[in-house]
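Since the structure comes first, as structure tokens, the remarks are kept for the end.
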Number of protein chains: 2
Amino acid sequence: VGQRENRPGEFELIERYFRPMAGRAGLGLRDDVALLSPDAGFELAVTVDAIVEGFDFLPDDPPEAIAAKALRVNLSDLAAKGAAPFAYLLALGLPDTWTEAFIARFAAGLAKDQGLFGIDLIGGDMGRSGERLTVTITAFGRVPTGALVTRDGAEIGDTILVTGTIGDAALGLRLRKAGATDADGEDARHLLGRLRYPRPRVELAPVLRRYATAAIDVSDGLVADLAALCDSSGVSAEVDVERVPLSPAAARAVDADAGRLEPILTGGEDYEILFTAASGDAEAAMAEASAMGISCAAIGTIVEGADGPTFLRAGTPMSFRRPGHDHFRP
Amino acid sequence: VGQRENRPGEFELIERYFRPMAGRAGLGLRDDVALLSPDAGFELAVTVDAIVEGFDFLPDDPPEAIAAKALRVNLSDLAAKGAAPFAYLLALGLPDTWTEAFIARFAAGLAKDQGLFGIDLIGGDMGRSGERLTVTITAFGRVPTGALVTRDGAEIGDTILVTGTIGDAALGLRLRKAGATDADGEDARHLLGRLRYPRPRVELAPVLRRYATAAIDVSDGLVADLAALCDSSGVSAEVDVERVPLSPAAARAVDADAGRLEPILTGGEDYEILFTAASGDAEAAMAEASAMGISCAAIGTIVEGADGPTFLRAGTPMSFRRPGHDHFRP
């Protein structure tokens with residue numbers, strides 16, 4: 001307790017760790033609000049996501065990784081909508097056991113990501129949360145007026161595309177729960193890394209604005225997120241499971257145990273982008289993504305229907321015991 | 001446990017309780033972001049505040065009051081800056097023990113406040129929080145370009161003004177901790193009501209834009225918030241404690257025990273507005289506030305100095321054992 005009473009207060013923490021990160025719109029974190037002055041011709045996309053200890057990350061995750069994840073899940077939402085992130089608010093709920101060393105590393109993780117993604121902290125809130133660290137981020141992106149990419153524009157005949165690789169985070173989560181660490185070899189390191197450090201596809205935003213008829217980031221799992229996109233668009237989909245892109249580590253996991261295909265397709269937290277494009281645009285979209293260093297695969301087609309997407313494996317529809325990663329009822 | 005498994009999922013909760021409240025910018029809560037299209041000539045003021053069970057409200061507070069408080073502490077921040085609130089995002093962390101009945105009442109409380117303040121829900125996040133209900137709200141306000149009222153413009157000779165009455169919430173909190181209820185008479189009802197249902201002074205925003213040289217809402221206590229305003233402005237202040245407006249209930253509490261004056265001046269959560277105006281404008285500011293039904297009192301003067309405000313009682317400076325209500329280290 002004596003040691004805890006020596007911890008700095010809210011104002012000292014802001015001064016030491018967060019004020020140096022503040023962008024101009026944050027008024028130096030010296031006032032009660034941030035002030036956004038959108039440029040003519042642009043709209044603001046805004047999203048909020050909270051991550052909570054024990055649910056969205058584990059207590060012994062590195063502080064830098066917790067910071068990165070809190071931020072990146074929000075940047076992924078903006079990217080999927082064709083918006084370019086520029087600022088964020090941080091609401092930090094500190095558990096009774098917080099230490100200044102933790103905050104220093106957490107802030108360093110945020111600072112590094114600010115540089116990486118070209119964004120600024122513009123405000124926030126800090127308070128006590130009792131048992132669990134809670135990090136709530138509100139992120140802001142710019143999008144040219146009228147150009148937001150929604151979920152509801154997919155049309156029959158559109159090609160379904162997805163960036164990167166699918167299922168790594170879900171396999172990483174299973175490893176994590178089984179007690180695996182980075183020391184368990186290269187595949188484990190890759191899969192755990194994908195779980196801890198999502199890579200929001202912010203560079204893809206202009207490509208999506210140009211070609212996507214609908215888009216969503218893959219946070220609840222490919223199956224659930226494609227279902228959500230189809231539901232919003234009033235269409236259905238057929239996916240060729242063999243064309244879903246897997247990392248070498250995930251492919252080896254499926255080779256070892258074909259049962260892993262279900263968590264790969266239904267597990268959450270890939271933070272890749274799933275989008276649809278007119279079939280005539282699919283090649284150009286893939287080429288432009290590739291030119292930005294983002295691999296992009298065509299995995300299926302939008303079809304008529306209201307029954308939800310079909311995932312075909314060697315021509316046979318798969319059925320899933322648990323079609324979605326539900327953050328709410330794990 | 002059986003009963004818990006019958007609780008609705010995230011999507012059903014959104015559909016039943018939150019979608020009906022969604023404003024146009026919220027895209028029907030059917031996408032991953034909200035889309036704000038600021039009008040030409042306006043900037044956006046944005047603020048975030050979290051309230052956590054056991055710290056900012058108590059587990060047996062009415063759900064409607066928890067909802068109102070979460071929203072209103074944010075609206076108060078906007079009002080103090082001269083901004084007119086129009087929308088908010090809700091990040092809801094539900095404890096393991098949540099019930100649908102709680103959510104229904106919580107949502108009803110939000111819906112009522114939306115009507116009262118003319119604002120819309122435009123997005124959010126819902127997830128599990130473990131032990132404590134956590135409500136994080138990001139609120140958006142409009143302010144004419146260049147008209148934001150900051151903390152840092154107070155000038156020597158300015159009059160210091162404050163709306164409403166000070167200290168009721170602090171006295172309410174003491175009653176609450178001592179186990180008092182609304183049944184303990186009219187004064188208890190008044191003081192507990194002020195604690196549970198802050199009244200953000202949103203109508204005052206245009207008056208502040210016209211007359212205030214600096215402003216802050218009184219959330220950490222009159223003493224601490226005036227100190228923050230003075231610190232930002234590079235000035236000091238002299239306050240005549242006899243002119244600090246008290247409700248009849250608070251005045252009776254001080255008559256009964258003069259020691260109550262300290263928590264009245266240093267206790268938090270008044271959510272009144274403290275502002276400064278050129279001495280020649282003070283009368284007009286008070287008259288315009290009064291015309292809007294908001295009482296407003298001149299309590300002191302901005303003076304030169306860097307040592308923090310002086311609170312004079314019968315001409316003698318008061319000293320406080322605990323000058324600020326620290327949400328962070330209660």
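Here is how the numbers come out for the structure above:
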quantity	calculated
Flag for A:D113 being part of a helix (DSSP H, G or I) and either buried (at least 20 other Cβ atoms within 10 Å of the Cβ) or of a type in the set (A, V, I, L, M) (or both)	yes
Among (1) more than 16 Å from the chain's Cα centre (by Cα); (2) within 22 Å of A:V33 (Cα to Cα); (3) open to solvent by 50 Å² or more (accessible area, probe 1.4 Å) - the single one B:E203 does not satisfy	(1)
Test: residue in region B:60-80 that is assigned to a strand (DSSP E or B) and either aliphatic (A, V, I, L, M) or more than 8 Å from chain A (Cβ to nearest Cβ) (or both)	no
Residues of region A:83-110 that turn out to be open to solvent by 30 Å² or more (accessible area, probe 1.4 Å) and hydroxyl-bearing (S, T, Y), as a count	2
Residues satisfying the stated conditions in region B:4-26, i.e. surrounded by 13 or more Cβ atoms within 10 Å (Cβ to Cβ) and within 28 Å of the chain's Cα centre (by Cα)	B:L13, B:I14, B:Y17, B:F18, B:R19, B:M21, B:A22, B:G23, B:A25, B:G26
Test: residue in region B:57-76 that is basic (K, R), touching a residue at least 60 places away in the same chain (Cβ under 8 Å) and more than 30 Å from B:G179 (Cα to Cα)	no
Selection from region B:162-197 of residues that are under 18 Å from B:G259 (Cβ atoms), in contact (Cβ under 8 Å) with a residue 40 or more places away in the chain and assigned to a helix (DSSP H, G or I)	B:D168, B:A169, B:A170, B:L171, B:L173, B:R174, B:D187, B:L191
Pair list, Cβ < 7 Å and 6+ apart or interchain, from region A:33-53 residues that are within 7 Å of another protein chain (Cβ to nearest Cβ) and without any contact (Cβ under 8 Å) to a residue 60 or more places away in the chain to residues that are open to solvent by less than 40 Å² (accessible area, probe 1.4 Å) and of a type outside the set (S, T, N, Q)	A:L35/A:A25; A:L35/B:E43; A:L35/B:A45; A:L35/B:L148; A:S37/B:E43
Checking A:G130 against (1) under 24 Å from A:A249 (Cβ atoms); (2) surrounded by fewer than 24 Cβ atoms within 10 Å (Cβ to Cβ), the condition it does not meet	(1)
Extreme residue, nearest to B:G26 (Cα to Cα), among residues of region B:118-141 that are part of a loop (DSSP other than H, G, I, E, B) and either touching a strand residue (DSSP E or B) at 6+ places or on another chain (Cβ under 7 Å) or at the interface with another protein chain (Cβ under 7 Å from one of its Cβ atoms) (or both)	B:I119
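The values are calculated or read from the model by the stated rules, or taken from the named source; none is laboratory data. As the structure is a prediction and not an experimental result, all values here were calculated from the model. So basically every Cβ, Gly included, is an ideal-geometry build from the backbone, and we count neighbours across all protein chains shown. Accessible surface areas use protein heavy atoms only, side chains included; no ligands, DNA or RNA. Shrake-Rupley method; radii C 1.70, N 1.55, O 1.52, S 1.80 Å.
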